[in-house]
Amino acid sequence: MTNRKSEWLWVERMDGYRRVGNSFWARVTLLGALGFTPVGIPSYLGREVTPLLPSQQIHSVPQGVVMPFYGIVGVFFGSYLWCTILRNVGSGNDRYDKQGGIITLSRWGFPGDNRRIYNRVPMKDVRAIGMEVQEGIHPRRVPHTRLEGPQSVPSTRPGEYQAPGDTERKAAEPARPPNVSIEGLDQG
């Protein structure tokens with residue numbers, strides 16, 4: 001699904017974990033973990049399993065004990081990353097229906113009873129469209145929809161970077177219904 005926009009309806013697709021960077025780190029983690037195990041086990045056993053890795057170069061304590069442990073932890077972590085990528089956790093869409101007065105946020109989660117996360121919010125409960133701005137070494141700008149009470153719903157994924165102008169346009173678009181203010185945008 002691509003982003004769709006009309007006068008009354010705005011549907012924005014949200015990407016999940018199925019991104020190039022995530023699949024790169026999942027590959028690196030899993031391959032690295034699979035590399036630790038065959039190096040650590042022969043040193044712990046005290047005999048050579050492969051001629052490429054002589055067991056005399058690696059001491060059984062602590063390397064022979066720790067390396068298989070790192071390998072096992074890495075396999076679990078890499079498998080977790082691949083599960084989130086294959087199931088595309090976090091993907092979904094945001095739908096702003098100005099005519100019906102409803103904001104619908106839907107996402108795919110982890111398998112189980114709550115696999116499909118679906119939240120409908122009446123536009124009358126939206127108090128403001130805000131921008132969380134953090135400057136410094138890792139600057140970030142995250143547009144969010146502030147609802148009645150202390151609730152706030154971010155409009156982008158964590159870690160998604162956009163240029164300041166794009167982020168401000170993204171924050172301003174859902175604010176087009178009447179009586180909704182925009183908070184935290186630079187006035188320039």
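Values quoted throughout were computed directly from the atomic coordinates according to the rules given, and no laboratory measurement underlies them. What you see is a predicted model; the values in this text were computed from it and never measured. FYI the Cβ positions are ideal-geometry reconstructions off the backbone, even for glycines, and counts take in every protein chain you see.
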Checklist entry - When the chain is fully extended, how far beyond the present Cα-Cα distance does Ser79 get from Arg140, taking 0.36 nm per residue of separation? => result 19.0 nm
Checklist entry - Points 7 angstrom from Cα along the Cβ direction at Leu34 and Phe110: gap in nanometres? => result 2.4 nm
Item to check | Net charge contributed by nearby residues that have their C-beta within less than 11 Å of Gly101 (K/R +1, D/E -1) | outcome: +1
Checklist entry - What nm distance separates the two modelled labels at Val133 and Trp25, each placed 7 Å from Cα along Cα→Cβ? => result 2.8 nm
